[in-house]
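What follows is calculated from the coordinates using simple rules that are stated; it is not laboratory data. Every value quoted in this text rests on a predicted model; they were computed, and no experiment measured them. With ideal geometry, Cβ positions are generated from the backbone for all residues, glycine too; neighbour counts draw on all protein chains shown.
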Amino acid sequence: MSEERSTPIGSTANPLGESHEARFLDDVKSLDPASREKGVIRLHLSRLAPENRDKQNLRNAETVFDDLTRTRSAWLYRLRNSDLMVVFERHENDSAERAVLKLLKLWERDPLMQKSKSDARKNRLSSWFDMASDYDKLLTFAMRQSATTEKSARKTLPELIAERELQRNNPERGTPLAPLELGRAEEALARVDLSSFTRRQPVCAFVEDGKPEVVFTEVFVSISDLRETLMPRTDLTFNPWLFQHFTQTLDRRVMAQIARREDRSLMRDGFSINVNVSTVLSEEFLAFDDDFAPSSQDVVLEIRIEDIFADPASFAFASDFVMERGYRICIDGLSLNTFPYADTNRLGVAYAKLAWTPDLAAFVGTTQGQELKQMIRDRKKGRTILARCDSDAAVKVGQQLGITLFQGRYIDGVSRGR
């Protein structure tokens, strides 16, 4: 395990790097090496002079591809060393080259550019991969970069290719959701009754007598159960972008279900729902807000950290709007690596949800544990929720780290008096 992965607190690594590298590997495995429909670019931003690698410049490198990413013609992956990987549709080759030329212009005075030509493909800032001839090299690179186990890292290229084919055809996981099947999945979702797939899980605080007090209840749809009904032989989550598009449709259905006010306990006690940033900016959310704007209830919108970092400007606009309307925001999907970057004070949100992992127990009493505890204490504008608590030990560790809100199967049982 590398140092930057074992010491996440205070790390300067890109907060999304590890998850993006793992996702990039999965997506490279799913690509067809014989296809000429995709192209890949690596932007070597780590080669730039330090003064040209501040947050704003790194953000500029992403925004030049905005026109392509918005239309799902390109996808960005952030590496831990600040480099970017861009997968794009080959029919957008000219647009991809223009984006790289903008970056060459932006950093034309950087020492890296002094020996380079002003050519989109012949420079030291970018490396281009052709699927037909460079797939093996790309797969090897993706495997090396990915945050995988040491055992996986020792696999040979033939083993990786065999693994990719096995993964694509694994009957338990199912066939990866393809773009052509997305419409069918969304049509099926529009017809199905979600009530049987809807789950509720409370977020609780432990008061002085040790009894849990429900702060709000998360309302979510069980994807695994929904999959078994809609498309039992399809892996809905295999492609993250298609799955995100699918969840946008799911967001609309859940909002419509809640707006009917069928569950009076939710209306009385407060609840949270999972939404995408794009959902908050949609006409459907405006309709939901017209029918059901929060008043005395605590209504929380849970947004994943990847979605926030994918388009910070859109998130800033969306968060200002919903908080003005009385909603509260919870940053969801946090790990030890990403938690330092989810500053609730700076983002102005109410909650940050950190997933329980046994690694947290090892933090107690260490320097890293003290840093994490101080970080939790300093974020006074947003409370930390420790999610996925499956035992009393998880709660005790969280309390030692200064966490006061908990969620998970163990909390379910305790809150019901079991």
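The length gained on full extension between residue 32 and residue 269, counted as 0.36 nm times the residue separation minus their Cα-Cα distance, comes to 80.4 nm. Over all other residues within a Cβ to Cβ distance under 12 Å of residue 325, the charged ones net out to -3, with Lys and Arg as +1 and Asp and Glu as -1.
Using a Cα-Cα cut-off of under 13 Å, which aspartates and glutamates could be cross-linked to residue 29, ignoring same-chain neighbours fewer than 8 residues away? Within the straight-line cut-off, residue 29 pairs with 21, 136, 159, 163, 165. Summarising the label geometry, the points placed 7 Å from Cα in the beta-carbon direction at residue 195 and residue 178 lie 3.7 nm from one another. Legend: distances between Cα atoms for 55/122; 353/373; 373/396; 55/380; 211/396; pairs beyond 18 Å are 55/122; 55/380. Distance from a point 7 Å along Cα→Cβ of residue 377 to each backbone N in the range 384-406: keep the residues under 13 Å and list them by number. From the range 384-406, the list is 400-403. For residue 381, a cut-off of 14 angstrom between C-alpha atoms picks up these aspartates and glutamates, skipping any fewer than 8 places away in its own chain: 343.
Restricting to the range 179-415, compute how many DSSP beta bridges are antiparallel as a %, nearest 5. Can you show the working numbers first?
Details: 11 of 33 bridges.
Percent antiparallel among DSSP bridges in the range 179-415 is about 35.
Scattering from the C-alpha atoms of the range 16-73 alone, worked out with Debye: what is log10 I(q)/I(0) at q = 0.20, 0.21, 0.28 1/Å? Taken in order of the listed q values, log10 I(q)/I(0) reads -1.03, -1.09, -1.25.
By the count of other C-beta atoms within 10 Å, a proxy for reagent exposure, 29, 122 are ordered fewest to most as 122, 29. Once both labels are modelled 7 Å past Cα along the beta-carbon direction, what's the residue 287-residue 106 spacing in nm? The modelled label-to-label distance comes out at 3.8 nm.
Cβ neighbours within 10 Å, averaged per peptide: list 229-241, 357-369 in order, most packed at the top. Present the calculation step by step, with values, prior to reporting the outcome.
Numbers: 229-241: 16.5, 357-369: 14.2.
Sorting 229-241, 357-369 by mean packing, highest first, produces 229-241, 357-369.
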